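Trainee: Have a look at the structure that comes next, please.
Quick note: the coordinates plus some simple rules give every number you see, no bench work behind them. Predicted model, so just to flag it, every value in this text is computed and none were measured. Here the Cβ is made from the backbone with ideal geometry for all residues, glycine too, and neighbour counts use every protein chain on show.
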Amino acid sequence: KNEVEQSPQNLTAQEGEFITINCSYSVGISALHWLQQHPGGGIVSLFMLSSGKKKHGRLIATINIQEKHSSLHITASHPRDSAVYICAVEDYGGSQGNLIFGKGTKLSVKP
Amino acid sequence: GAVVSQHPSRVICKSGTSVKIECRSLDFQATTMFWYRQFPKQSLMLMATSNEGSKATYEQGVEKDKFLINHASLTLSTLTVTSAHPEDSSFYICSAYQTSGRATDTQYFGPGTRLTVL
């Protein structure tokens with residue numbers, strides 16, 4: 001079993017829809033990252049969370065440490081949001097900054 | 001926000017040659033940089049942790065003599081793939097860890113280098 005599980009693996013949405021991507025993990029963590037990878041491969045760090053909730057524009061990330069679960073929400077989705085969204089955790093027992101990655105959720109937003 | 005660059009973005013080489021990939025943090029100093037590899041349709045896998053002024057720490061299964069890492073300064077780490085073979089063809093991504101001693105410590109990722117070995 002992977003230490004970081006994401007769902008769904010693939011997601012197709014219509015422009016304007018509210019989107020949720022889920023991430024569950026099995027290890028103790030010091031932080032959780034949400035990353036966005038575009039078709040060309042480049043990665044952008046969206047959020048780093050250790051508790052609660054963060055918001056940036058149309059993106060919202062939440063984390064529940066007790067339940068070992070995080071969600072990434074996209075409001076009013078747009079075709080330019082189409083990308084792979086990756087959840088990654090910093091293992092509490094590991095080296096600082098050493099990430100364990102989920103397999104990613106491929107999001108396609110149709111106009 | 002902080003920026004991390006990689007060079008080259010894309011490289012094609014013949015089997016048996018060596019390829020050097022540079023990772024630079026452009027507006028901050030990074031004592032720690034990470035090198036990842038991503039095969040098609042798979043998640044990123046950590047290859048090694050690069051610490052400025054000391055030897056890199058390699059993950060299990062990654063050959064340190066094949067993937068040479070040098071972190072000569074606080075803004076530059078290099079990954080050299082020696083005697084590259086077609087199975088080394090992959091997408092290599094670096095990240096730099098910005099430590100400020102506050103809760104805003106985070107990693108910044110480079111744009112990646114796509115290596116194709118013929």
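Trainee: Calculate, axis by axis, the spread of Cα positions in chain A along the three principal axes, and write the results as whole Å, longest axis first.
Mentor: 44, 27, 23
Trainee: Label points 7 Å out from Cα along the Cβ direction at B:Cys13 and B:Asp27: separation in nm?
Mentor: Inter-label distance under the simple model: 3.2 nm.
Trainee: Hey, another quick one. Choose one answer from B:Ile93, B:Ile69, B:Ile12: the residue with the largest mean-square fluctuation in a GNM of chain B with alpha-carbon springs under 10 Å.
Mentor: B:Ile12
Trainee: In addition: Placing +1 on the Cβ of each Lys and Arg and -1 on the Cβ of each Asp and Glu in chain A, which of A:Pro111, A:Ile63, A:Pro39 has its Cα farthest towards the positive end of the resulting dipole?
Mentor: A:Pro111
Trainee: Hey, rough spin-label estimate for B:Asp65 and A:Lys54, points 7 angstrom out along Cα→Cβ, what's it come to in nanometres?
Mentor: 4.2 nm
Trainee: What number comes out for the charge environment of A:Ile63, summing +1 per Lys or Arg and -1 per Asp or Glu over other residues with Cβ under 10 Å away? All intermediate terms of the calculation are to be shown ahead of the outcome.
Mentor: Working: positive: A:Lys53, A:Lys54, A:Lys68; negative: A:Glu67.
Around A:Ile63, the surrounding residues sum to +2.
Trainee: With a 4.7 Å Cβ cut-off, tell me which Cys residues in the protein assembly as shown come up empty for a partner.
Mentor: By the Cβ distance rule, which asks for a partner under 4.7 Å, the isolated cysteines are B:Cys13.
Trainee: Separate question: Over chain B, one equal point on each Cα, no solvent: what is log10 I(q)/I(0) by the Debye formula at q = 0.11, 0.16 Å⁻¹?
Mentor: Each listed q corresponds, in turn, to -0.33, -0.69.
Trainee: Continuing with the same structure: Taking only the alpha carbons of the protein assembly as shown, what extent do you get along each of the three principal axes, in Å, biggest first?
Mentor: For the protein assembly as shown, the Cα extents along the three principal axes come out at 49, 39, 36 Å.
Trainee: Which residue, A:Gly16, A:Gly52, A:Gly40, tops the fluctuation ranking in a GNM of chain A built on C-alpha contacts under 10 Å?
Mentor: A:Gly40
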